[in-house]
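*Asks:* Quick one: structure below, then a few questions.
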Amino acid sequence: LYIYLSLPQCVGEEIWVDSRTVYIGHKDPPPGAEANIPQRYPDNRIVSSKYTFWNFIPKNLFEQFRRIANFYFLVIFLVQLIIDTPTSPVTSGLPLFFVITVTAIKQGYEDWLRHKADCSINECPVDVVQQGKVVRTQSHKLRVGDIVVVREDETFPCDLILLSSSRHDGTCYVTTASLDGESSHKTYYAVQDTMAFRTEQEVDSLHATIECEQPQPDLYKFVGRINIYKDKEEPLGAENLLLRGATLKNTQHIYGTVAVYTGMETKMALNYQSKSQKRSAVEKSMNAFLIVYLCILISKAVINTVLKYAWQWSPDRDEPWYNHRTENERQRHMVIRAFTDFLAFMVLFNYIIPVSMYVTVEMQKFLGSYFITWDEEMFDEELGEGAQVNTSDLNEELGQVEYVFTDKTGTLTENNMEFIECCVDGNVYIPTIKVIISDIYILPNVCFEHEDLFFRALCLCHTVQVKEEETVDGIKRGIHQGRPTSFYISSSPDEVALVEGMKRLGYTYLRLKDNYMEILNKDDEIERFELLHVLNFDSVRRRMSVIVKSSSGEYLLFCKGADSSIFPRIVSGKVEQVKARVEQNAIEGLRTLCVAYRRLSESEYQEACHHLNEAKLALQDREQRLAQAYDIIERDFVLLGATAVEDRLQEKAADTIESLHKAGMKVWVLTGDKMETAAATCYASKLFRRSTQILELTKKRTEEQSLHDVLFELNRTVLRQRSISGYDRVSVGLSVDCLDFGLIIDGATLSAVLKANQERAGSGNYREIFLEICRNCSAVLCCRMAPLQKAQIVKLIKASKEHPITLAIGDGANDVSMILEAHVGIGIMGKEGRQAARNSDYAIPKFKHLKKMLLVHGHYYYIRIAELVQYFFYKNVCFIFPQFLYQFFCGFSQQPLYDTAYLTLYNISFTSLPILLYSLVEQHITMETLKRDPSLYRDIAKNSLLRWPVFLYWTCLGVFDAVIFFFGAYFLFDNTTFTSNGQMFGNWTFGTLVFTVLVFTVTLKLALDTHHWTWINHFVIWGSLLFYVIFSLLWGGIIWPFLNYQRMYYVFMQMLSSGPAWLSIILLITVSLLPDVIKKVLCRTMCPTATERAQVTYCHQLHSETKALNCLVSRLGVRCLSCSDFCFAKAINQLLLSSFYEN
Amino acid sequence: MMASSYNAKDEDGHITVSGPGGGTLRSKKPENTAFKQQRLPAWQPILTAGTVLPAFFIIGLLFIPIGIGLFVTSNNIKEFEVDYTGVDMSSPCFNCSQNFSWNSTKPCTCTIPFYLDQPYESNVYVYYGLSNFYQNHRRYVKSRDDSQLNGDVNSLMSPSKECEPYAFHENKPIAPCGAIANSMFNDTLELFYNDPNGTRIPIPLNTTGIAWWTDKHVKFGNPGGNNPNLTAAFQGTTKPVNWRRPVYELDADPGNNGFINEDFIVWMRTAALPTFRKLYRIINKKSSMVPTLPRGNYTLEVVYNYPVRSFEGRKRVILSTISWMGGKNPFLGIAYITVGSVCFFLGVVLLIIHHKCGNRNNSADISN
C-alpha cells in the first residue's frame, strides 16, 4: 500500500495522458524540465447558442424533422406534391409550415437571446497581468495560463486557480449562487507558496506549471498540483479552484489567479448539458394509440385501394364515356396506378393523425405548468420562493404516482437542528435557555478531563465559519437573525447546532485566524489551537476529523461521526453507557453523533501528515486514496461522549403522508440515518401507525438467522395476512384501516438482498421475494442508505413487473441520484443547497406542498391530458370516417367530402381552441374536494383514463358519430329537394352539411365533458362555433380571386336558407350526442366512481347551502334565488359571509 | 420539449444577475389572481339522471310534434316518377336506347304516356334523374375551369389543366371545357296533357329559375360581359366533343345563353351521390282556380340523346310539388318522430332508475 501511495511522485507524466499542463503566464519551462508540449485549448468564448446565422435554417429544420410526427407530415406533404392527390398540398403543407415556423421562430428567438447573452459575456472586460502590468482585455480573449485580476463583486471569467488574495490569510470569499443556488459565502484558499504575492510584478515573476485533470463537470471536485520550479510541488484541490460564474465577495481583489479551464471547458459550461429526457406514461400510451391509428389509416387505404380495383373491373365503371382518363394516365402501369391510388387514399385519410395534436399537447404542457409556478399555496414566505417547474413533460405523471420515495432529513424534517443534550461518559448535560454554567444540569462523577476534551472537540471538530453581522449581505435569514455580534454558517446544520449548543454550555468558538482556532472557554479565557488538518466529512465514512495542535504542543485528533462509524474504532472509554444513551436518544427521534479523540505522538502525526499529503498530491483516484489515508489515521479512538440534536418534523408532514397513503401511494423513506431515529420520525410522521405491524429486515436480524430464512418468514407472514384480508379488501373497497405492514430494511441487508441475486441468479431469487414483501407493505423505511443505494431501490421498484410510477423527493445532494432515477423527481429547496432542486423535474419549497402537487395539480393534469388525447383521436375519427364512407359512393375515386379549407382548418382553428382551453382549466372536482378526499386519486391510478377499453369507447363513439353524420346526411339528401324553390344541392353542400354537423357535435361533446365553465370556456366554445359560421359565410360569400375553383361559392348560405337542412343538422347533432349522454348518466347512476360521488356530494352541499341561503335571503328581503343556480348562490354566499365578517 | 428549451435559457445562470434579496422576494411571489390560482368563478354542471331527465322529456316533446308535422307535410307532397331509360322491350324508348350512336344526326324520339290520379295544385317541378352516374367521381368533379365559366377571356382560350382530356379539341380550346360540361344532359323533355276530348295540349315549361341565383348572376358569366354577340365572344373556341350545338346556341334567349344557360349551370353543380335528380323545368301555376296539372292522362315526349345503358344507368323524369320543406322526404319526419320517442322513452327509463338509485345513493350518503 505504501509503495502504491508513493508512486505518483515519480511516475507522473507518463500516466497522466488525460491531464493537462498549464504554463502560468505562458512562460516556457526552464531547460531540464519536461519538454513543453504545446496543448491546444479553446479560447474563453462561451457558446451557449445552438445555431449560427448560416446554419440556423438547415440545422433547425433537421432537428425538427427528426421528430417522427413532423417527419410523417413532411412525407405526406411531399406525396401530395408529387402525385395527383385528392387534396391540395396546402392542406397538409400549411399546418406543417405553421408548426415548423412557429417552433423555428421560438427557437430562433431563444437562440438570439443566447447569442446576445453570450456576446455580452464574451465581451465583458477582464484584467490580465502581462509583463508585470495589468492590461484590460475582453473576456473571450483569455487563454489558458493567463493571470487574471478579479475585483470584489466581479464574476470569475473562467475557472481560475487562486494564487493570492488581498486578504492577508490568502483566502477569499465567493458566492456560487448562480452556479448551484447556494448563496452562502464559501471560502477558497490561495496556493500556499504564492499567497504572499502582493503586486503584479511579483505575480508575473512566478514561474510554474499547473498540472490538472482534464475538464469534468463535477462542480465540487478538482484535482491538480502546482509545480513551482526549483521549488516543491503542492497539491491543488477544489478549494483552490474558483469557478466561472461565481462571484467574489468580501475580498477587495484577488491577484494573479491563473486560468486553467476556459470557454466551453469551464465547469459551468460543462454543466449546461441537459439531463436525459423522461417520458411520461401518458406519452407512451399516446404513442401506442398513434400506432393503432396508423394501422387504421393504412388498412383504410388498403381496403379502399382493393375495393377500387374490384369495383372498376368493368371498363364501363372504370372509364365511362363521360369521364375519360388523360392519355398519360392511361399509359401508366397498373401497379404504379395502384400504388398512386394507395398513396392518394393515405393522403385523403391522413388527417386521422393530426399534426395539431402534438402542438396542442406541447402547448398544454408548457402553458399548464405555469399553474404550478403560479400557485400561491405552494409559495413559501420564509424562503421567498414558490414551486419551480424544470420539465413540463411530466405534469400528468404527477397524477399517476404509485410509489413515493422520500428522504428524511430536510424533507420530512425541517433540517433545522436544535441541540438537545450531550452525554459525556454517560453523564448528561442539558443546556437551558440561559447561558449560565450553573444552569447546566450536571450529574455527579464527572471525569473532568473527558468533559474538557469533549467540549473542545465539539468546538474544534467542524467546518463552521463565523460571520460578522455587518459583513454579511444577501445571506439567508434564518434562525440566526437578530444576533448582534456574529453567527455561524456551515453547509451542515448539525454542526451549527452543535457549535451553538457548545456556546450555550459555555464554550464559544470565536474564529479561525491564521490557521489558529480560537475558543472562549467557560472561564472566559481564549484558548488557541493550531488547525493542522481537516479530514472532511463524507457520506461513506459518515464521520469527520480534525488534527489540531494545542498550545501545549500536544497533537490531538478529534473525530465525530455516526455511532456505527465510531464504535468499531473505539479502544477505550465508557462505551456501554454512551451506547445506551445514544440508543435511547435515537428512539426519541433525535440525531445522535459520537465524539472521540486520539492523542497523536510527534511521529504518529508525521506519519499521518505523510499519508494525507501523498493522497492529496495524487492526481488520479485522489478520492480513493484520501479515503484510504483517512482510514489509516482514524483509528484507536478514545470515546468521549455523544450528542443529540433534534430535527423537528416539517410542518404538516404527517398530514401529507397520511394523505398520500389514502391516495393509494406507497411511501418509502430512504435515509442515511440510524434505524431508531428514522423509525421514530416515521411514527411521528404517521408513516407507521400504532396498528402497523413492523417487519424488520435488518443486519441485527440477519446476523441471527440467515437472510434466506428471514426473507421467507416475512413473506409467509405477509401472504398469510393477505389471504385473510384479501376477501375483505375486495368487499370493503379500499379501506385503509385494515391491518397493514411496515417494513424496515437497512443498507447492509439491502445490498445483501440485491447481491445475492447477482451471484446465484438461479437458486434463491431474493429480489422477487423482497419485492413481494414490499408490495404488501404500505410503508417501508430504508435506513443507513448510501446515496447510490437510494437510486438502486428506486430502480428496483421501477423495474418490478407492474412497472409502477415512482416519485422521489429529497433536498440534498445525496438525493440527486434517486431524483434522477425516479419517473418524477422532486427537489426541495432546502438548507442543504440547491443541488436537488436543480436536478429535479419539479422543485417545491416544503414537503407539505407535495400534497397539493400530487393530489390537486397531478390529478388535474392527468384528467386534462387524458381527455385531450382521447378527444383528439375521437374528433379526427369523426372527421375522417365520413370521408372513408363517402368513397363507397363516389366510386373509390378519393373524392374528398369536405372542401380544402375545411380540411385544413378543422384541426387548426375550428376545433383546436376549446380542447386546448379545456386541457388548461378543467376542474372536474373542486380543489377543496380533491384535497379533502385523497382517495379520489385512486380513481385515476394506473393510467385509468387512457386504458384500451376507454380508448376503444372513444373510438367507437367516433365511428358511431361519423356513421350518423354520413348516413344521416345521405338519407336526407337522397333523391330529394331541400329547398322551397325546387333547386338542388350538389356534393359540396352535402359535405358542408356533414361538416357543420361534425363541428357542432364535436364541440358540444366537449361542452358535455366540461365540468368547469368559466367565462373563458363559454367564450372559447361558443366563440369557435361562431367563428366556424362566420368563416363559412365569408369563405362562401365572395368569389375568391387567385383561386382556380369557386366550388364553395354560396354553398353555406344556400344550405342555411333551407329549412330541412337546419332540421337535419339539429337532429343529427342530437342523435350523435345521445349515446354519450346516456352512457354518462347510466354509469353515474348505476356504478358511480368515487369521483362522481364526490361531485354529487359537492353538489348536495351547495344545494343545502343554497337552501339555507334561501331562508337567509328571503329574510333579508331578496327573492327569486333559483335553487339550481349554484354559481349565483355561491357568489351570494361569499358576499353574505364577507359582509358578516365585516359586521 | 418547449419547456425544456426554455429551461435551457434559465440554466444560463450567468445571464441573470441576482438582485438584492428584497427585490427578488416580491417579484417571485405569485400574483393572487383568480385565473392564476385556478379559482375563476365557474358553473359546474353535472350530468346526472336528475338533470338530464327534463332535457330528455323536452327533446321528446319537441321532436315528436316536429316529426309529425314534417311527416304530414311530406305526405301531402305529390310526386310522380317515370323511368324512360328503355331497358325493357316493352318500354317505348327501347329502340332509342338500343340504336344510340353519338354521330346520328336524326334525333330519336319516344313518347311515354302516363296518368296522374291526383291533381297537382301548386307549382310543379320537373326533374330528370340519373342513376349510377358518378358525377362525384374525383376525376369528374375537378374537371372544370371555374374562371373560364366566370367569363375570363384568358381561361377561355387556354383552359385549365384540370380539364384534360377535355381541354382541347383539334387544337382549339373547348368552351366550356372539362368532363362535366362535356357530358351535359341533353335529352329534351316535353309534356303534353291529353284532354279527355282527345287533344294534346302542350304544357308550358319554364326554363328559368332552376339554377341558384348566385350561380347565374355571379359565379357564371359569359366572356365579354354583356356583349350580345356571343358567337363573337366564343370565337376561336370549339364546342365540347359530345355536344351537338356550340355553347352560344344553347338557347335563343340571350339572357339564358352561353355559360349562363340555366340547364348548363344546373348540370355543372355536381351531385353528391351517384343517384341524383336535377331540376329541369318549372310548371308555374296559372290561376288559383285551376290546378297546375289536373288529374288525367299525360304524354311525355323525349328526344333521346343521352346514353346511359353503357354504364347501366337509368333515366327518370320526376314531377313534384314542393312545400316549405322541399320535396318529398318522409325520412326526416320519421327520424324526428323516432328520436323524439326514443328520448321520451329514455326519459321514462331514467326516471325509474333515478327514482330507485337516487334513493339508494342517498341512503348510502347518509350511512357514510
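The values are calculated or read from the model by the stated rules, or taken from the named source; none is laboratory data. Just so it is clear, the structure is predicted and the values come from calculations on it, not from any experiment. Cβ atoms come from the backbone with ideal geometry, glycine included; neighbour counts cover every protein chain shown. Each accessible area value is taken on the protein alone, full model and side chains, heavy atoms only, with ligands, DNA and RNA left out. Shrake-Rupley method; radii C 1.70, N 1.55, O 1.52, S 1.80 Å.
*Asks:* Look through A:330, A:337 and report the one residue that is more than 8 Å from every other protein chain (Cβ to nearest Cβ) and within 30 Å of residue A:881 (Cβ to Cβ).
*Replies:* Going through A:330, A:337 in turn, the sole match is A:337.
*Asks:* Here's another thing I want to ask about it. Please verify whether residue B:123 is out of contact with any strand residue (DSSP E or B) (no Cβ under 8 Å at 6 or more places or on another chain) and more than 15 Å from residue B:269 (Cβ to Cβ), treating the condition exactly as stated.
*Replies:* no
*Asks:* Out of the range B:192-234, which residues are farther than 30 Å from residue A:1045 by Cβ, assigned to a loop (DSSP other than H, G, I, E, B) and more than 14 Å from chain A (Cβ to nearest Cβ)?
*Replies:* B:195, B:196, B:197, B:198, B:199, B:203, B:204
*Asks:* Turning to a different aspect of this structure: Looking at (1) away from chain B (no Cβ under 11 Å); (2) farther than 30 Å from residue A:1012 by Cα; (3) assigned to a helix (DSSP H, G or I), find the lone condition where residue A:886 falls short.
*Replies:* Among (1) away from chain B (no Cβ under 11 Å); (2) farther than 30 Å from residue A:1012 by Cα; (3) assigned to a helix (DSSP H, G or I), residue A:886 violates only (1).
*Asks:* Show the residue pairs meeting these rules: Cβ distance below 9 Å; 6+ apart or different chains; first residue within the range B:151-162 and within 12 Å of chain A (Cβ to nearest Cβ); second residue basic (Lys, Arg) and open to solvent by 30 Å² or more (accessible area, probe 1.4 Å).
*Replies:* Going by the 9 Å Cβ cut-off, the qualifying pairs are B:160/B:144; B:162/B:142; B:162/B:144.
*Asks:* Can you pull out the residues in the range B:147-165 that are open to solvent by less than 10 Å² (accessible area, probe 1.4 Å) and closer than 30 Å to residue B:326 by Cα?
*Replies:* B:149
*Asks:* What residue, of B:73, B:48, is modelled with pLDDT of 85 or more, crowded, with 16+ Cβ neighbours inside 10 Å and either over 30 Å from residue A:373 (Cβ atoms) or within 11 Å of chain A (Cβ to nearest Cβ) (or both)?
*Replies:* B:73
*Asks:* Output the residues belonging to the range A:1019-1038 that are of a type in the set (Val, Ile, Thr) and either open to solvent by less than 30 Å² (accessible area, probe 1.4 Å) or touching a residue at least 60 places away in the same chain (Cβ under 8 Å) (or both).
*Replies:* Hits for the range A:1019-1038 are A:1020, A:1021.
*Asks:* Could I ask something else about it? Kindly indicate whether residue A:993 is over 48 Å from the mean Cα position of the chain (by Cα) and in a helix (DSSP H, G or I).
*Replies:* yes
*Asks:* Exactly one condition in (1) open to solvent by 40 Å² or more (accessible area, probe 1.4 Å); (2) over 30 Å from residue A:1077 (Cα atoms); (3) at pLDDT 90 or above is false for residue B:57; which is it?
*Replies:* Result: residue B:57 passes all but (2).
*Asks:* Residue A:347 is checked against (1) within 26 Å of residue A:99 (Cβ to Cβ); (2) away from chain B (no Cβ under 14 Å); (3) of a type in the set (Val, Ile, Thr) and fails just one. What number does that condition carry?
*Replies:* (2)
*Asks:* State yes or no: is residue A:989 at the interface with chain B (Cβ under 10 Å from one of its Cβ atoms), open to solvent by less than 30 Å² (accessible area, probe 1.4 Å) and closer than 30 Å to residue A:925 by Cβ?
*Replies:* The answer is no for residue A:989.
*Asks:* Going residue by residue through the range B:137-146, is there one that turns out to be away from chain A (no Cβ under 11 Å) and hydroxyl-bearing (Ser, Thr, Tyr)?
*Replies:* Looking for residues that are away from chain A (no Cβ under 11 Å) and hydroxyl-bearing (Ser, Thr, Tyr), one finds none in the range B:137-146, hence no.
*Asks:* Step by step: first the residues of the range B:323-357, then only those that are open to solvent by less than 30 Å² (accessible area, probe 1.4 Å) and under 30 Å from residue B:284 (Cα atoms), then the one that is farthest from the other protein chains (Cβ to nearest Cβ). Which residue is that?
*Replies:* Among them, the one singled out is B:333.
*Asks:* Just to confirm my filter: which strands (runs of 3 or more DSSP E) fall fully inside the range A:614-698 and include at least 2 residues that are more than 26 Å from the chain's Cα centre (by Cα)?
*Replies:* A:637-649, A:693-697
*Asks:* Quick check, is residue A:937 of a type in the set (Phe, Trp, Tyr), in a helix (DSSP H, G or I) and under 25 Å from the mean Cα position of the chain (by Cα)?
*Replies:* yes
*Asks:* Can residue B:314 be described as of a type in the set (D, E, K, R) and away from chain A (no Cβ under 11 Å)?
*Replies:* When the stated conditions are applied, residue B:314 passes them.
*Asks:* From A:620, A:624, A:628, grab the single residue that is open to solvent by 20 Å² or more (accessible area, probe 1.4 Å), farther than 30 Å from residue A:938 by Cα and at pLDDT 85 or above.
*Replies:* When all the criteria are applied, what remains is A:628.
*Asks:* Can you spot a residue in the range A:395-402 that is open to solvent by 20 Å² or more (accessible area, probe 1.4 Å) and either over 15 Å from the mean Cα position of the chain (by Cα) or within 14 Å of chain B (Cβ to nearest Cβ) (or both)?
*Replies:* Looking for residues that are open to solvent by 20 Å² or more (accessible area, probe 1.4 Å) and either over 15 Å from the mean Cα position of the chain (by Cα) or within 14 Å of chain B (Cβ to nearest Cβ) (or both), one finds at least one in the range A:395-402, hence yes.
*Asks:* Out of contact with any helix residue (DSSP H, G or I) (no Cβ under 9 Å at 6 or more places or on another chain), of a type in the set (Asp, Glu) and either open to solvent by 40 Å² or more (accessible area, probe 1.4 Å) or at pLDDT below 85 (or both), is that true of residue A:602?
*Replies:* Judged against the criteria, residue A:602 is a match.
*Asks:* Something else now. Go through the range A:910-938 and give me each residue that's over 15 Å from residue A:868 (Cα atoms), away from every other protein chain (no Cβ under 12 Å) and crowded, with 22+ Cβ neighbours inside 10 Å.
*Replies:* Once the filter is applied, which keeps residues that are over 15 Å from residue A:868 (Cα atoms), away from every other protein chain (no Cβ under 12 Å) and crowded, with 22+ Cβ neighbours inside 10 Å, the range A:910-938 yields A:910, A:934, A:936, A:937.
*Asks:* Further question: Here is a check on your reading of the model: is residue A:325 within 14 Å of chain B (Cβ to nearest Cβ), of a type outside the set (Asp, Glu) and open to solvent by 30 Å² or more (accessible area, probe 1.4 Å)?
*Replies:* Judged against the criteria, residue A:325 is not a match.
*Asks:* Can you tell me how many residues within the range A:969-986 are open to solvent by less than 10 Å² (accessible area, probe 1.4 Å) and part of a helix (DSSP H, G or I)?
*Replies:* Total satisfying the criteria: 2.
*Asks:* Okay, moving on. Of all residues in the range A:370-388, which are of a type in the set (A, V, I, L, M, F, W, C) and more than 7 Å from chain B (Cβ to nearest Cβ)?
*Replies:* Of everything in the range A:370-388, those that are of a type in the set (A, V, I, L, M, F, W, C) and more than 7 Å from chain B (Cβ to nearest Cβ) turn out to be A:372, A:378, A:383, A:387.
*Asks:* Could you tell me which numbered condition residue A:956 fails, if it satisfies all but one of (1) part of a helix (DSSP H, G or I); (2) modelled with pLDDT of 90 or more; (3) within 12 Å of chain B (Cβ to nearest Cβ)?
*Replies:* Only one criterion is unmet by residue A:956, namely (3).
*Asks:* So which residues in the range A:50-71 are open to solvent by less than 20 Å² (accessible area, probe 1.4 Å) and either closer than 13 Å to residue A:103 by Cα or of a type in the set (Gly, Ala, Ser) (or both)?
*Replies:* Listed by number, the residues that qualify are A:60, A:64, A:69, A:70.
*Asks:* All but one of (1) at pLDDT below 75; (2) loosely packed, with under 12 Cβ neighbours inside 10 Å; (3) in contact with a Lys or Arg (Cβ under 9 Å, 6 or more places away or on another chain) hold for residue A:5; which doesn't?
*Replies:* For residue A:5, the failing item is (2).
*Asks:* When residues of the range B:312-368 are filtered for being outside any helix (DSSP H, G or I), modelled with pLDDT of 90 or more and in contact with a Phe, Trp or Tyr (Cβ under 8 Å, 6 or more places away or on another chain), how many remain?
*Replies:* The total comes to 9.
*Asks:* Out of the range A:45-89, which residues are of a type outside the set (A, V, I, L, M) and in contact with a Ser or Thr (Cβ under 7 Å, 6 or more places away or on another chain)?
*Replies:* If the condition is that a residue be of a type outside the set (A, V, I, L, M) and in contact with a Ser or Thr (Cβ under 7 Å, 6 or more places away or on another chain), then A:64, A:73, A:77, A:80, A:87, A:88 are the ones that fit.
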